[in-house]
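Working notes, beginning with the structure itself.
The values are calculated or read from the model by the stated rules, or taken from the named source; none is laboratory data. Please read these numbers as outputs of a predicted model, since none were measured by experiment. Cβ placement follows ideal geometry from the backbone for every residue including glycine, while neighbour counts extend to all protein chains displayed.
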Amino acid sequence: MGIEEKLPSGVLLTSVEKAAGWARARSVWPATFGLACCAIELMMTGGPKHDLARFGMERASNTPRQADLMIVAGRLSQKMAPVTRQIYDQMSDPKWVISMGVCASSGGMFNNYAIVQGVDHIIPVDIYLPGCPPRPEMLLDSILKLHDKIMNAKLGKNRDRQITELEEARLGLTPLHLAVPEESEL
């Protein structure tokens, strides 16, 4: 015998945190950052077949100050790394990042001095999207997972401290390197 049974039909009970999370998840504006071939699949996601507009994301921001989601699509060169960080720093809080494609996530097949071996060395990443290139359906799935993450995010005075701690922990991770075999093993 709860309060739900005594209320008339059509009355919705929820918390402010859940209502704010629902509103924030439905108003994500992406700053597309297409760097290579994954950008073509990113553009396909906005087309009529996949229709990114049904998630309220049809408005791609021309300035990072109006965006709260960065989709890094493709390989990130060493020259573009400072620009990527500057764009990320100019985005409004709260902000999220999707690393789209194996090159953005781990450097891909480009294991050389010119390519950053994962965009997470430059900015914190919320969702990693594998593939070479990932299909638009996979990007839509990662956007839905990000929506779920946004809806379940906590609000309050400790939120900024938690975000800062997570960002520092992610940026402080050491990169994974393959062990080089010794000459006797060759």
Tally, over the stretch 67-88, of residues that are surrounded by 14 or more Cβ atoms within 10 Å (Cβ to Cβ), farther than 15 Å from P124 by Cα and out of contact with any strand residue (DSSP E or B) (no Cβ under 8 Å at 6 or more places or on another chain)
1
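In the stretch 89-100, what residues are within 20 Å of R135 (Cα to Cα) and either surrounded by fewer than 20 Cβ atoms within 10 Å (Cβ to Cβ) or out of contact with any strand residue (DSSP E or B) (no Cβ under 6 Å at 6 or more places or on another chain) (or both)? Can you show your working first?
Kept after step one, since they are within 20 Å of R135 (Cα to Cα), are these residues of the stretch 89-100: 97-100.
Correct list: empty.
Considering only residues of the stretch 103-122 that are hydroxyl-bearing (S, T, Y) and under 17 Å from the mean Cα position of the chain (by Cα), which is nearest to P134 (Cα to Cα)?
The first filter runs over the stretch 103-122 and keeps only residues hydroxyl-bearing (S, T, Y), leaving 105-106, 113.
Now narrow it down to the ones that are under 17 Å from the mean Cα position of the chain (by Cα): 105-106.
On the way: S105: 12, S106: 14 Å.
Checking each candidate, the answer is S105.
Please work out if A53 is aliphatic (A, V, I, L, M) and either in contact with a His (Cβ under 7 Å, 6 or more places away or on another chain) or in contact (Cβ under 8 Å) with a residue 12 or more places away in the chain (or both).
Working: aliphatic (A, V, I, L, M): yes; either in contact with a His (Cβ under 7 Å, 6 or more places away or on another chain) or in contact (Cβ under 8 Å) with a residue 12 or more places away in the chain (or both): no.
Here the answer is no, as A53 does not meet what is asked.
Please determine, by comparing only the residues of the stretch 40-66 that are among the hydroxyl-bearing types (S, T, Y) and surrounded by 14 or more Cβ atoms within 10 Å (Cβ to Cβ), which one is farthest from G101 (Cα to Cα). First the steps, then the outcome.
Here is the first cut: in the stretch 40-66, the residues among the hydroxyl-bearing types (S, T, Y) are 45, 61, 63.
After this cut, where a residue has to be surrounded by 14 or more Cβ atoms within 10 Å (Cβ to Cβ) as well, the list is 45, 61.
Values: T45: 14, S61: 21 Å.
Only one residue tops the list, namely S61.
Looking at this structure, is I163 modelled with pLDDT under 75 and surrounded by 12 or more Cβ atoms within 10 Å (Cβ to Cβ)?
Numbers: modelled with pLDDT under 75: yes; surrounded by 12 or more Cβ atoms within 10 Å (Cβ to Cβ): yes.
Against the criterion (modelled with pLDDT under 75 and surrounded by 12 or more Cβ atoms within 10 Å (Cβ to Cβ)), I163 qualifies.
Looking at the stretch 151-159, is at least one residue in a helix (DSSP H, G or I), surrounded by fewer than 16 Cβ atoms within 10 Å (Cβ to Cβ) and at pLDDT below 75?
Within the stretch 151-159, the first condition is being in a helix (DSSP H, G or I), and the residues that meet it are 151, 159.
Applying the additional criterion that residues be surrounded by fewer than 16 Cβ atoms within 10 Å (Cβ to Cβ) yields 159.
Filter once more, so that each one left must be at pLDDT below 75: 159.
Within the stretch 151-159 (the criterion being in a helix (DSSP H, G or I), surrounded by fewer than 16 Cβ atoms within 10 Å (Cβ to Cβ) and at pLDDT below 75), the answer is yes, since at least one residue qualifies.
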